[in-house]
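J.: First, the structure itself, so that you have it in front of you.
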Ligand code: HAM
């Protein structure tokens, strides 16, 4: 995250603090690494994240550990380990956490990214589904990210989904040899993921495949309608996407992704998540419904830039001290210290550099004032104060109360 990106980063973090506050979330931070089993059990061992992307290593004690590839199982683990089931439910948690995935790096896809992650435990209420989607929506709006759509789907519950998966396999079986190698593997290991193929060879079949969202069980259909009703009432632009299956195994019912409208191939998904009512049990806990999402902060920054969001952040300091007087170094250093005590950001030019080079530094720094101390000024215990923002007015002032004079000028 280079310096130019930092104002964006700050704006995103500030936006996250504000929207999570508005929705009653509390912050949690989990470690950078966990037992690998937390993710193998939690995320699903036939997902790309676990099969291909997780960084796994053995520590000196022979434990298999993994760098966190996604936050949800880690936060569930913390919920169980720290008895959060006895807190008033639902428990709303958020984090911003470094995630590690051995992915093919490209713009917006990194081997380390940072995710804004929200999770709500202990409620099966469809309004909670709409609420987490609203958190994302509100954040994006705040950040100036426009023209995005929430793609919404439902994966039903596990039992009715089993029947659908059989139907999907029956549909694909006669065409197996026409599928990409990846999809052939998915057919055997994780058929739902057939609908997530980006391979050209799989597209035609995918379009015509039976759609789960069109044949939901009665409770899942009611849940789905309650979610869409709440989203519509909140003015959140959503579109039901019957092909949305997501890359993780734990989801049931609501799944969603937020995608820029101009992103045809859904490469730049800004955030995604869904409901995972069975995950806590998979990890050894009591039945505890849950729902959440993750949204990559680096992608949000790219999207803000695409939306023309800019920050006026040229300035590294308010005062730049230019000095070229024999023996004045300590006094210059003390003056800068006084200014900083007053809360005024100050940079000192490098001792021994020419006045001209230091003045160039002052002009580039974006500072409002240059304080210039040459031999003559130093002999008189004075400095020249030059206003770099105005017409370049300058005046000679005594060093003694220079710091407070500058503060008064800055506040004027
Ligand atoms: P995910 O879809 O794998 O879901 O990732 C969520 C978001 O993280 C993506 O939409 C994207 O913005 C960002 N992201 C993922 N991989 C990368 C990458 N390699 N480089 C940059 N950004 C990336 C999850 O991780 C789930 N834990 C979300 C969730 C929470 N579901 C329920 N609760």
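The values are calculated or read from the model by the stated rules, or taken from the named source; none is laboratory data. Everything quoted here is computed from the prediction, not taken from an experiment. We place every Cβ from the backbone using ideal geometry, glycine too, and count neighbours over all the protein chains shown.
J.: Can you name every one of the strands (runs of 3 or more DSSP E) wholly within region 196-293 that holds 2 or more residues which are away from the ligand (no atom under 16 Å from the Cβ)? Write out each step before concluding.
T.: Numbers: elements: 238-240, 254-260, 271-275.
In region 196-293, the matching strands (runs of 3 or more DSSP E) lie at 238-240.
J.: Can I ask one more? List pairs: first in region 107-124 and farther than 28 Å from residue 281 by Cα, second more than 6 Å from the ligand (Cβ to nearest atom) and part of a loop (DSSP other than H, G, I, E, B), Cβ under 7 Å, 6+ apart or cross-chain?
T.: From residues that are farther than 28 Å from residue 281 by Cα, the pairs are 108/268; 111/102; 111/105.
J.: Could you look through region 90-103, keep only residues that are within 17 Å of residue 70 (Cα to Cα) and part of a loop (DSSP other than H, G, I, E, B), and pick out the one that is farthest from the ligand (Cβ to nearest atom)? Talk me through it step by step, then tell me what you get.
T.: We begin by selecting, within region 90-103, every residue within 17 Å of residue 70 (Cα to Cα); these are 93-103.
Checking the rest, the ones that are also part of a loop (DSSP other than H, G, I, E, B) come to 101-103.
Details: 101: 5, 102: 9, 103: 4 Å.
Result: 102.
J.: Could you check region 104-137 and list, in sequence order, the residues that are assigned to a helix (DSSP H, G or I) and either within 14 Å of the chain's Cα centre (by Cα) or within 9 Å of the ligand (Cβ to nearest atom) (or both)?
T.: As a first pass, look at region 104-137 and keep what is assigned to a helix (DSSP H, G or I): 126-137.
Result: 132, 135, 136, 137.
J.: Hey, does region 239-256 have a residue that's without any contact (Cβ under 8 Å) to a residue 24 or more places away in the chain and in contact with a strand residue (DSSP E or B) (Cβ under 8 Å, 6 or more places away or on another chain)?
T.: Here is the first cut: in region 239-256, the residues without any contact (Cβ under 8 Å) to a residue 24 or more places away in the chain are none.
Taking every residue of region 239-256 in turn, none turns out to be without any contact (Cβ under 8 Å) to a residue 24 or more places away in the chain and in contact with a strand residue (DSSP E or B) (Cβ under 8 Å, 6 or more places away or on another chain).
J.: Okay, next question. Scan region 142-185 residue by residue and report those that are closer than 23 Å to residue 263 by Cβ and outside any strand (DSSP E or B).
T.: Looking only at region 142-185, we keep the residues that are closer than 23 Å to residue 263 by Cβ, and these are 142-155, 180, 182-183.
Listed by number, the residues that qualify are 142, 143, 144, 145, 146, 147, 155, 180, 182, 183.
This table checks each residue for (1) in the same structural domain as residue 286 (by TED's automatic domain parsing); (2) closer than 13 Å to residue 280 by Cβ; (3) more than 10 Å from the ligand (Cβ to nearest atom).
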| position | (1), (2), (3) |
| --- | --- |
| 50 | yes, no, yes |
| 54 | yes, no, yes |
| 58 | yes, no, yes |
| 61 | yes, no, yes |
| 75 | yes, yes, no |
| 84 | yes, yes, yes |
| 87 | yes, no, yes |
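Residues checked against (1) touching a helix residue (DSSP H, G or I) at 6+ places or on another chain (Cβ under 6 Å); (2) closer than 23 Å to residue 140 by Cβ:
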| position | (1), (2) |
| --- | --- |
| 16 | no, yes |
| 31 | no, no |
| 42 | yes, no |
| 50 | yes, no |
| 53 | no, no |
| 58 | no, no |
| 63 | no, no |
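J.: I'm trying to understand the selection: among the residues of region 42-65, which are surrounded by fewer than 21 Cβ atoms within 10 Å (Cβ to Cβ) and modelled with pLDDT of 95 or more?
T.: Hits for region 42-65 are 53, 55, 56, 57, 58, 59, 60, 61, 62, 63, 64, 65.
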